[in-house]
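Just below is one structure, and these are the notes that go with it.
Every read-out reported here was derived from the displayed coordinates using simple, explicitly stated rules and does not represent laboratory data. The model shown is predicted, which means the values in this text are computed figures rather than measured ones. Here the Cβ is made from the backbone with ideal geometry for all residues, glycine too, and neighbour counts use every protein chain on show.
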C-alpha cells in the first residue's frame, strides 16, 4: 500500500488560526532566546497565500555586524 498525503487537508491545516498562533509562539521563543545576548529582536507573522509565515528580525547595530546577529538567531533557534 502506498502512502498518499491528503493535500487539501494539509493545505487547510496550514492556514488554520491555531497553526498561526503556534507559528507566532515559536517565533517569539526564538526572539526571546536570541535577545539573551543583548540584541533587540522583534517578530512579524502573516497568513500568506499558502500558509502562515513568521520572521524574527534582528537589530544589526546591536551586534555591530551581520554575523553576530546570525549567531544569536541560530542560538535562539536552538533554545526554542
(request) Please order 53, 2 by the number of other Cβ within 10 Å, starting at the fewest. (result) 2, 53
(request) Quick one: order 71, 8, 45 by neighbouring beta-carbon count within 10 Å, fewest to most. (result) 8, 71, 45
(message) Between residue 3 and residue 75, what is the label-point separation in nm under the 7 Å Cα-to-beta-carbon projection?
(response) 3.7 nm
(request) Could you please rank 75, 50, placing first whichever residue has the fewest other Cβ atoms within 10 Å of its Cβ? (result) 50, 75
